[in-house]
Structures are given as structure tokens and as C-alpha cells.
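Undergrad: What follows is a single structure, and I will ask about it in a moment.
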Amino acid sequence: MTKLIVILLIGLFFESTGIVFLKKGMNQIGEAKTNSVAAVARFIKAAGTNYFIWLGMFFQALFFGCLLILMSESEISFLWPLTALSFVFATFAAMWFLNEQVSLWRWVGVILIVIGAGFISYSEHTKEKPAPPAETNSIQR
């Protein structure tokens with residue numbers, strides 16, 4: 001269980017880092033103006049050549065790799081709700097690295113997410129463990 005939580009936290013760090021880089025890249029590119037095909041093409045070219053966009057995609061890919069490892073080793077009903085902690089990580093990252101102001105209601109939402117993740121983690125601890133298989137005697141008489 002500890003190994004899964006560590007991989008999850010690393011993955012959430014990667015995801016939040018990716019989100020910050022994607023936002024920085026989008027701030028450099030500017031607003032998407034979709035009035036014409038040429039404007040969309042310019043926007044896609046600007047995004048495709050932006051260093052921060054590429055870094056953001058790289059960190060999102062690292063998160064995806066962590067997610068694949070987690071999915072191979074745990075139940076999705078346990079794992080997927082815990083990925084909601086990415087909202088917590090992203091909120092702190094937005095404050096620290098993007099200088100965003102977070103309102104009281106957003107903090108209430110963050111607290112509710114943490115409480116929900118706590119319930120999910122607790123439910124995993126209280127789940128009945130399957131009985132170990134009975135040993136069989138391999139020597140036959």
C-alpha cells in the first residue's frame with residue numbers, strides 16, 4: 001500500500017508540474033482565436049513550437065506512466081478517486097508558481113477533496129483481506 005501511495009504522489013507531482021508548464025506556455029501564446037482556419041493553424045503552430053507546452057506534455061506523459069503502473073497493481077475503484085488529489089496539488093502549484101489567488105470557496109472544495117481521499121484510503125484499510133490458500137501436502141502416499 002505504501003508503495004502505491006508513493007507512486008501516486010510522484011505521479012500527482014508530475015501532473016501538477018505539467019499543468020503549470022502548459023499554463024505558462026498558453027500564457028505566452030495568448031488566447032485562441034478560432035475565427036478562421038488560418039488562425040487555428042497559427043495557434044496550433046505556436047503551441048507546437050512552445051518550449052513550455054512541450055515540457056508540460058512531457059510531465060503529463062510521466063504522470064500517465066505512473067498511472068499505468070498504479071492501474072496494474074490496484075483496484076480502479078480505489079485508485080481513480082485518489083487521483084482527484086491532483087486538484088489539491090494543482091491549486092497549490094497555481095498559487096506558488098502562477099501567483100493565482102484562491103478564493104475561500106475553492107479552499108472549501110480542496111478540503112472536501114482531501115476528506116474524500118481520506119475516506120477512500122480508510123476504506124482500503126478496512127477491506128476484508130482474502131484468506132491465504134491452504135497448504136497442500138505434495139507427497140502422496
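Undergrad: Taking segment 2-40 as the region of interest, how many residues are small (G, A, S) and either in contact with a Cys (Cβ under 7 Å, 6 or more places away or on another chain) or buried (at least 18 other Cβ atoms within 10 Å of the Cβ) (or both)?
TA: Filtering segment 2-40 for residues small (G, A, S) gives 11, 16, 18, 25, 30, 32, 36, 38-39.
Okay, now just the ones that are also either in contact with a Cys (Cβ under 7 Å, 6 or more places away or on another chain) or buried (at least 18 other Cβ atoms within 10 Å of the Cβ) (or both), so 11, 16, 18, 25.
Residues in segment 2-40 being small (G, A, S) and either in contact with a Cys (Cβ under 7 Å, 6 or more places away or on another chain) or buried (at least 18 other Cβ atoms within 10 Å of the Cβ) (or both): 4 in total.
Undergrad: Restricting attention to segment 35-78, report how many residues are modelled with pLDDT under 90 and touching a Ser or Thr at 6+ places or on another chain (Cβ under 8 Å).
TA: 3
Undergrad: Also, I was wondering about something else. Among the residues of segment 28-38, is any over 30 Å from S123 (Cβ atoms) and among the basic types (K, R)?
TA: yes
Undergrad: I want to confirm something. Restricting to segment 58-81 and keeping residues that are over 12 Å from the mean Cα position of the chain (by Cα) and loosely packed, with under 13 Cβ neighbours inside 10 Å, which single residue is nearest to F21 (Cα to Cα)?
TA: By that ranking, first place goes to M71.
Undergrad: Continuing with the same structure: Which residues, counting only those in segment 85-141, are more than 20 Å from F13 (Cβ to Cβ), aromatic (F, W, Y) and modelled with pLDDT of 90 or more?
TA: Across segment 85-141, the qualifying residues are W105, W107.
Undergrad: While we're here: Any residue at all in segment 72-95 that's in contact with a helix residue (DSSP H, G or I) (Cβ under 7 Å, 6 or more places away or on another chain) and of a type in the set (D, E)?
TA: Scanning segment 72-95 turns up at least one residue that is in contact with a helix residue (DSSP H, G or I) (Cβ under 7 Å, 6 or more places away or on another chain) and of a type in the set (D, E).
The values are calculated or read from the model by the stated rules, or taken from the named source; none is laboratory data. Just so it is clear, the model here is predicted, and its values are computed rather than measured. No Cβ is skipped: glycine too gets one built from the backbone with ideal geometry, and neighbour counts run over all protein chains shown.
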